Amino acid sequence: MSDLTHLTIAAALDGLAAKKFSARELGEAHLGAMAKHKKLNAYITETPETALQQADASDKRRAAGKAGALDGIPLGIKDLFCTEGVLTTAGSHILDGFKPTYESTVTRNLFNAGAVMLGKLNLDEFAMGSSNKTSYYGSVVNPWKRTGDNTDLVPGGSSGGSAAAVAARIAMGATGTDTGGSIRQPAALTGTVGIKPTYGRCSRWGIVAFASSLDQAGPIARSVEDCAIMLGAMAGHDPKDSTSVEMAVPDFRRALTGDIRGLRIGIPREYRVNGMSAEIDALWAQGAEWLKVQGAELKEISLPHTKYALPTYYIIAPAEASSNLARYDGVRFGLRVPGNSLDEMYELTRAAGFGKEVKRRILIGTYVLSAGYYDAYYLQAQRVRALILKDFTEAFKDVDVILTPSTPSAAFGFHENEDDPVQMYLNDVFTVTVNLAGLPGISVPAGLDAKGLPLGLQLIGRAFDEETLLRTAGVLERCADFTALPAGV
Amino acid sequence: MNDTAMVNDKNLIEGKTGMWEVVLGLEVHAQIISNSKLFSGAATNFGAEPNTQVSLVDAAFPGMLPVINEKCVEQAVKTGLGLNAQINLRSVFDRKNYFYADLPAGYQISQYLDPIVGKGTIILDLPGGEHRAVGITRLHLEQDAGKSLHDQHPSKTYVDLNRAGVALMEIVSEPDMRCSDEAAAYLKKLRSILRYLGTCDGNMDEGSMRCDVNVSVRRPGDALGTRCEIKNVNSIRYVAAAIEHEARRQIEILEEGGSIRQETRLWDPGKGVTRSMRSKEEAHDYRYFPDPDLLPLNLDPKWVESLKAGLPELPDAKRQRFIKEFGLSDYDAGVLVAERESAAFYEAAAKGRDAKLTANWITSELFGKLNAAGKDVTESPVSAEAIGELIGLISDNTISGRIAKDVFAEMFETGRAAGEIVEAKGLRQVLDTGAIDAEIDKIMAANADKVAEYRGGKDKLLGFFVGQVMKAMGGKANPAMLNERLKAKLAG
């Protein structure tokens with residue numbers, strides 16, 4: 001019964017509770033769908049045996065009246081999360097054969113809530129990319145196609161496997177990570193919902209690090225409510241991550257009251273960028289209008305340092321990455337290419353193990369941290385980062401939530417944006433500010449463009465106020481009433 | 001910098017073209033005493049089997065994160081307080097990036113711009129009873145690296161990560177020292193303070209205290225010369241030797257018209273020379289930046305105050321007190337307080353006894369015998385209380401100081417108590433003037449000729465009579481009484 005794969009998590013939990021179907025049936029339905037959608041290349045590793053074992057265990061728990069918040073829900077796990085005994089690749093050749101002996105805190109939390117793992121989802125190598133083209137395991141294909149055009153499109157990145165799997169109904173929900181937009185951008189390009197919570201909300205322990213001060217885990221799912229359910233299970237203080245915040249996790253699902261009367265919505269004038277399509281502009285205005293009709297108050301706001309966000313991000317993120325990725329040296333795990341000396345072994349291993357984009361970012365990061373350049377680049381970027389945060393702090397004195405487009409365009413073809421990496425980096429223009437400021441942001445599918453491709457709107461909230469953010473997103477979702485399905489799903 | 005410091009002529013080294021002054025600064029890596037590592041829960045025991053004390057964090061597995069060990073922070077703050085240094089309530093951990101097989105993450109977590117401890121002072125106790133202050137520049141926390149073992153296989157290097165991530169304090173001095181004696185005194189004093197505080201065991205042979213020496217030379221009164229850093233000097237004796245060699249090497253180069261290249265040099269204890277390791281041009285660019293996995297370290301001033309209040313009495317204060325309270329000489333007090341254990345031993349022994357006499361006995365007799373036996377004071381076969389008893393027997397005239405030495409030798413040998421030995425061997429000294437007079441009379445009668453000579457002015461013979469009577473009395477006559485009675489009788 002393939003209908004099972006079309007259920008939301010909330011509906012599936014109800015169905016399981018009402019004994020309309022078992023976790024095993026739910027799992028099997030998804031495993032079946034996965035087999036049909038191999039061409040999407042969404043999964044790097046499929047774990048059907050684990051999935052069915054977990055599903056059976058879930059059925060037993062439920063029968064014993066001990067079901068958790070996500071009991072029996074089949075999820076895909078971005079292959080950046082270390083999973084005990086299961087190959088973890090970060091989309092990179094350099095982690096060849098790496099099976100962690102430990103489970104990341106976020107996946108541990110999900111499994112403790114009863115979730116079932118379908119497999120490990122493809123991603124841009126080390127989460128560096130906006131197209132999923134940089135994975136060593138090949139690109140993920142977006143299940144969406146332009147109307148009347150069979151060109152394969154990118155699913156966005158870096159959580160492209162996660163977004164594609166959720167859109168293609170081969171996972172009910174998926175974990176993602178978001179360093180500069182890696183949850184929200186692919187969610188927007190695949191018609192799914194993705195939330196990056198406040199920095200510190202989810203533990204980073206056991207997630208392969210890209211840029212430590214920006215990385216944050218979050219869910220991608222098919223509804224705001226599903227994201228709320230998943231985030232509730234993923235989040236929480238972890239003493240093993242010094243940057244995780246000691247704060248109770250609210251009941252996010254209960255925050256979805258559907259009532260935003262009196263809420264002040266900020267529309268940042270600096271997000272009206274050159275080259276943005278009229279369609280996106282119109283969708284943004286439509287989104288604002290929907291919220292207004294629901295009783296919210298619209299306010300134009302200014303985030304004056306927005307134009308510096310992208311360059312700032314592309315200094316800080318590679319700087320941290322250049323250091324975080326130094327541990328992939330062929331000495332203790334993963335790929336090793338032997339050499340005649342230690343230095344040669346390093347050089348050969350890293351030359352073979354890292355792809356072009358990862359190397360580019362390591363070079364950028366090494367450069368900006370070098371003696372003589374540190375002040376001009378890294379230090380300056382940190383100063384601008386503080387100003388960007390200040391922009392938001394000021395803005396949130398007058399508004400409760402900020403509404404922006406998620407991306408400057410819909411999904412693009414594999415050979416578009418190819419020659420100029422800077423053009424590719426522009427995909428993150430609306431999302432990076434949120435990471436730099438450590439704020440929560442969510443992308444909600446809001447409509448289709450003229451070619452039939454999904455477009456998303458982004459909402460940005462105050463730090464640790466995911467409740468207001470989700471409440472607003474829920475209303476936006478209801479107004480947009482996005483029901484379109486990718487062809488063939 | 002201490003350019004204006006008075007040049008002390010006795011520290012100068014004579015070259016072929018005149019006198020040179022050596023300028024020294026020391027960087028000490030002191031391993032913190034803690035049960036677990038700076039950022040992981042792995043154990044820190046010395047001498048464990050290779051790679052048995054390694055957590056996933058230490059081995060830098062993907063996704064692993066550091067979490068600061070509060071005990072290590074406490075130890076660093078205590079040490080800072082013990083060095084009369086400024087405690088920085090906000091400090092930052094930075095990454096020092098470089099590739100090496102025994103550095104699993106490819107970076108060392110250290111503190112660069114904002115160390116936990118700032119400027120402080122350490123008082124050197126120099127030979128000859130002189131004291132001199134040396135500035136501490138800073139103390140920061142950092143991780144140790146692992147160990148590369150190059151001698152286990154003909155073509156391979158083995159890596160032992162037991163030490164990787166162990167907490168170190170890097171303690172940097174100002175370039176305030178001017179001779180190897182001062183450098184040695186600095187290390188001894190620093191080690192003494194660390195041991196008093198219980199923050200580092202100071203064992204250089206186990207590598208828990210390691211020293212890099214910055215050496216430069218200049219003409220007296222000139223600006224500082226170019227320095228070389230000498231690494232891997234792992235005993236105080238080697239520090240002195242390395243400095244002597246390096247200063248001579250630099251003087252020779254300069255006197256031949258050459259110039260010193262700023263570089264890192266390695267001390268080769270086998271050959272007794274320093275040799276070039278890497279020059280400044282090849283020096284790493286460490287690309288320091290704040291570690292995004294760790295928040296800045298913020299200390300509560302109340303907590304720092306409570307640590308300060310709980311500090312033990314440190315060697316300088318103890319020395320002053322011993323001088324004041326017990327009337328000891330600066331030198332004796334210095335010897336006794338060098339180790340916390342010997343100071344405690346002394347105080348226990350001196351309780352209710354003649355304090356100066358106790359100090360003499362401990363610094364000369366006890367330490368002499370312990371040294372000869374290769375033991376330290378904690379392993380002394382004679383307890384503090386037992387020495388106290390012996391001092392008591394001397395003070396109340398039960399035995400003479402001379403007899404006491406024999407008694408002490410037996411105490412050290414057998415562990416028996418002083419009183420017991422004195423009684424068993426009948427070593428009580430004779431205080432009965434009648435008995436002493438009787439012996440004197442006998443000796444005088446037997447040596448009438450000598451008596452006559454003495455009375456004729458040859459008063460050197462007093463010693464002969466003292467010896468004869470003592471011998472006859474088995475050494476037990478009270479020496480003062482014997483002298484007095486003998487003089488009286490010989491005078492006629």
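The values are calculated or read from the model by the stated rules, or taken from the named source; none is laboratory data. Owing to the predicted nature of the structure, the values given are computational and were not obtained by experimental measurement. Cβ sites come from the backbone with ideal geometry, for glycine too, and all protein chains shown count toward neighbours.
Filtering segment A:90-117 down to residues that are in contact with a strand residue (DSSP E or B) (Cβ under 7 Å, 6 or more places away or on another chain) and of a type in the set (V, I, T), which residue is farthest from A:L325 (Cα to Cα)? Looking at residues that are in contact with a strand residue (DSSP E or B) (Cβ under 7 Å, 6 or more places away or on another chain) and of a type in the set (V, I, T), I get A:V116.
Beta carbons closer than 9 Å, at least 6 apart along the sequence or on distinct chains, pair a first residue in segment B:368-385 that is within 15 Å of B:R340 (Cα to Cα) with a second that is exposed (fewer than 15 other Cβ atoms within 10 Å of the Cβ) and hydrophobic (A, V, I, L, M, F, W, C) for B:E379/B:A373; B:A384/B:A348. Considering segment A:76-88, the residues that are buried (at least 24 other Cβ atoms within 10 Å of the Cβ) and more than 10 Å from chain B (Cβ to nearest Cβ) include one that is farthest from B:V57 (Cα to Cα), namely A:G76. Residues that are of a type in the set (D, E, K, R) and either in a helix (DSSP H, G or I) or farther than 21 Å from B:L124 by Cβ (or both) within segment B:300-315 comprise B:D300, B:K302, B:E305, B:K308, listed in sequence order.
Scan segment B:275-286 and tell me whether some residue there is at pLDDT 90 or above and aliphatic (A, V, I, L, M). No, because not a single residue in segment B:275-286 is at pLDDT 90 or above and aliphatic (A, V, I, L, M).
Residues of segment A:463-474 that are over 19 Å from the mean Cα position of the chain (by Cα) and surrounded by fewer than 24 Cβ atoms within 10 Å (Cβ to Cβ): A:T468 alone.
Exactly one residue out of A:P338, A:P318 is out of contact with any Phe, Trp or Tyr (no Cβ under 6 Å at 6 or more places or on another chain), within 13 Å of another protein chain (Cβ to nearest Cβ), of a type outside the set (G, A, S) and part of a loop (DSSP other than H, G, I, E, B): that is A:P338. Which of the residues belonging to segment A:182-208 are within 14 Å of chain B (Cβ to nearest Cβ) and on the phi < 0 side of the Ramachandran plot? Result: A:Y199, A:C202, A:S203, A:R204, A:W205, A:I207, A:V208.
A residue that is in a loop (DSSP other than H, G, I, E, B), out of contact with any Asp or Glu (no Cβ under 7 Å at 6 or more places or on another chain), facing chain B (nearest Cβ under 10 Å) and surrounded by 16 or more Cβ atoms within 10 Å (Cβ to Cβ) occurs nowhere in segment A:344-366.
Of the residues examined, A:A211 is not one that is more than 14 Å from chain B (Cβ to nearest Cβ) and either at negative phi or modelled with pLDDT of 95 or more (or both). For the residues B:L307, B:L357, B:L328, the requirement of being more than 30 Å from A:L325 (Cα to Cα), within 23 Å of the chain's Cα centre (by Cα), modelled with pLDDT of 95 or more and not charged (D, E, K, R) singles out B:L328. The residue that is nearest to A:K60 (Cα to Cα), counting only those in segment A:3-32 that are in contact (Cβ under 8 Å) with a residue 60 or more places away in the chain and small (G, A, S), is A:A23.
Condition test on B:V233, is it within 16 Å of B:R178 (Cα to Cα) and buried (at least 17 other Cβ atoms within 10 Å of the Cβ)?
no
Taken over segment A:239-267, the residue count meeting the criterion of being exposed (fewer than 12 other Cβ atoms within 10 Å of the Cβ) and within 14 Å of chain B (Cβ to nearest Cβ) is 2. Out of the residues in segment A:112-152 that are touching a Pro at 6+ places or on another chain (Cβ under 9 Å) and farther than 23 Å from A:V208 by Cβ, which is surrounded by the most Cβ atoms within 10 Å (Cβ to Cβ)? Residue satisfying both the conditions and the ranking: A:N142. Can you name the residue in segment B:404-452 that is over 20 Å from B:A480 (Cβ atoms) and β-branched (V, I, T) and, of all such residues, is surrounded by the fewest Cβ atoms within 10 Å (Cβ to Cβ)? Among those that are over 20 Å from B:A480 (Cβ atoms) and β-branched (V, I, T), it is B:T414.
Residue pairs whose Cβ atoms lie under 6 Å apart, separated by 6 or more positions or on different chains, with the first residue in segment B:254-265 and within 20 Å of B:T17 (Cβ to Cβ) and the second hydroxyl-bearing (S, T, Y) and in a loop (DSSP other than H, G, I, E, B), are B:E255/B:T17; B:I260/B:T226.
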